[in-house]
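Taking it in order: structure first as structure tokens, then the write-up.
The values are calculated or read from the model by the stated rules, or taken from the named source; none is laboratory data. Quick caveat: nothing in here was measured; it's all calculated off a predicted structure. With ideal geometry, Cβ positions are generated from the backbone for all residues, glycine too; neighbour counts draw on all protein chains shown. Calculation scope for accessible area: heavy atoms of the full protein, side chains included, ligands and nucleic acids excluded. Shrake-Rupley method; radii C 1.70, N 1.55, O 1.52, S 1.80 Å.
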Amino acid sequence: MKFSQTDANALMEITSRPELMFVRGSGSWLEDNNGKRYLDFIQGWAVNCLGHCPAPVVKAVNEQAAKLINPSPAFYNQPSIELATRLAGASCFDRIFFANSGAEANEGAIKLARKWGQINRKGAYKIITFDHSFHGRTLATMSASGKPGWDKIFAPQVDGFPKADLNDLDSVRALIDDQTVAVMLEPVQGEGGVIPATAEFLRELRRLTQERGLLLIVDEVQTGMGRTGKLFAYEHAGIEPDIMTLGKGIGAGVPLAALCAREAVSCFKHGDQGGTYNGNPLMTAVGVAVFDTLTAPGFMESVNARADQLSRGLNELSAKWGMKGERGQGLLRALIMDRDDGTAIVDAAREALPEGMLLNSPRPNLLRFMPALNVSADEVAQMLQRLDAVIKQLRG
Ligand SMILES: *Cc1c(COP(=O)(O)O)cnc(C)c1O
């Protein structure tokens, strides 16, 4: 199959893309229009938690599509009830609202917190978020995000998102005032460069928010659904947040996200929240299949075994090439390099012959790894070996 950049001119240009087109995928492998194969350690930005075209997802889509696609969110459907029941049963949350993207789930979390503030805190609406955080690309979630420069691109911002420093409780305390209603954070900052909030910080934050009558919101769009080696990352700290958002892995590649809240916080009145596709049975049936796969006996043990293998391998590479170590939680990890050759490594890995490899460099001196959670030991070993070869090729 032929492809050139001009073929794609009808698509709105929103990013620079390599001159190739993917036509099929299976597990940790993708194939492009020339039949070249790629070992994929991006997986749609941590989205495809079971790899490309996993059997349980294909089966759920096919069976549900033939049965019922969307009766409208004004009526109940069975897959959405089943998935909500599973998520509530596996977490500290009682009520689930399904959305179509992480940003939309976070918008819902922001609205829910503001509503709760109107009812319980005299209209308090400010939500403290963090420098270098990422919460999505809608106006409110861009305003909530701490990405450098994002305060200006679409000015004016949505008001009410003061920024604190991650792992610095005093910086949070200093921002709390009468108008504050919540604190919102990613348990591991993903786009920011795989920076974990420490368990101690999360526990102190929970204590502080409880003392001051504030909600704690965890954005687990990237860290949830097994990515960090537990079903939800907040479990590592032994805390119970008030609101959690899920996205990415929850749909294993299809558009599905969730807003999860404790009963006491679930204060939407009829008409406050909704949307045409929300909780449709086609996507939630996939969610049920994904949930059951992730929670099957032995699955999370193998995630943790692969995470240990990846962590060890990255440390060895770091030592060999004089880099600055690795960090992360579960299968969300980063290699911290001693120089800014992230983009060069990503390009060389993709262009390698006869097979390429997909990596991500969210910062110039950082590589981020987000493989499928069911990646095999052999595929992790292959990735490490290929990465070593690419570094050798570039650094001589
Ligand atoms: C990806 C991501 C989002 C946005 O999710 P979309 O589905 O792209 O809207 C929000 N928060 C975090 C932590 C993310 O990683």
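Looking across region 1-52, the residues that are open to solvent by 80 Å² or more (accessible area, probe 1.4 Å), free of Cβ contacts under 8 Å to residues at least 60 places away in the same chain and among the hydrophobic types (A, V, I, L, M, F, W, C) come down to 1, 10, 11, 12, 14, 22. Of all the residues in region 208-223, those that are in contact with a Leu (Cβ under 9 Å, 6 or more places away or on another chain), away from the ligand (no atom under 16 Å from the Cβ) and not in a strand (DSSP E or B) number 4. When residue 211 is tested against the conditions (1) closer than 23 Å to residue 114 by Cα; (2) surrounded by 24 or more Cβ atoms within 10 Å (Cβ to Cβ), the lone failure is (2).
Of everything listed in (1) out of contact with any helix residue (DSSP H, G or I) (no Cβ under 7 Å at 6 or more places or on another chain); (2) of a type in the set (Gly, Ala, Ser); (3) more than 28 Å from residue 225 (Cα to Cα), the single unmet condition for residue 311 is (3).
Please find, within region 230-260, the residue that is nearest to the ligand (Cβ to nearest atom) out of those that are among the small types (Gly, Ala, Ser) and open to solvent by 10 Å² or more (accessible area, probe 1.4 Å).
Step by step, filter region 230-260, then rank; the result is 253.
One residue stands out among those in region 126-157 that are more than 20 Å from the chain's Cα centre (by Cα) and open to solvent by 60 Å² or more (accessible area, probe 1.4 Å): the one that is nearest to residue 180 (Cα to Cα), which is 157. The residues listed here are 251, 275, 271; of these, the one that is at positive phi and touching a strand residue (DSSP E or B) at 6+ places or on another chain (Cβ under 8 Å) is 275.
Out of the residues in region 277-308 meeting the condition of being among the polar types (S, T, N, Q) and touching a Pro at 6+ places or on another chain (Cβ under 7 Å), tell me which one is farthest from residue 228 (Cα to Cα). Result: 278.
Can residue 101 be described as more than 12 Å from the ligand (Cβ to nearest atom) and buried (at least 16 other Cβ atoms within 10 Å of the Cβ)? Before you say what the answer is, go through the steps one by one.
Working: more than 12 Å from the ligand (Cβ to nearest atom): no; buried (at least 16 other Cβ atoms within 10 Å of the Cβ): yes.
No, not satisfied.
Look at region 222-233: where a residue is in the same structural domain as residue 289 (by TED's automatic domain parsing) and a partner is within 10 Å of the ligand (Cβ to nearest atom) and part of a loop (DSSP other than H, G, I, E, B), sitting 6+ places away or on another chain with Cβ atoms under 6 Å, you get 222/190; 223/187; 232/224; 233/187; 233/223.
Listed here are the residues, each with its yes/no results for (1) part of a loop (DSSP other than H, G, I, E, B); (2) more than 16 Å from the ligand (Cβ to nearest atom); (3) closer than 19 Å to residue 243 by Cβ.
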| residue | (1), (2), (3) |
| --- | --- |
| 96 | no, yes, yes |
| 111 | no, no, yes |
| 123 | yes, yes, yes |
| 137 | yes, no, no |
| 159 | yes, yes, no |
| 177 | yes, yes, no |
| 184 | no, no, yes |
| 191 | yes, no, no |
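Each residue in region 58-89 was checked for being under 25 Å from residue 242 (Cα atoms) and either assigned to a helix (DSSP H, G or I) or of a type in the set (Gly, Ala, Ser) (or both), and 11 of them qualify.
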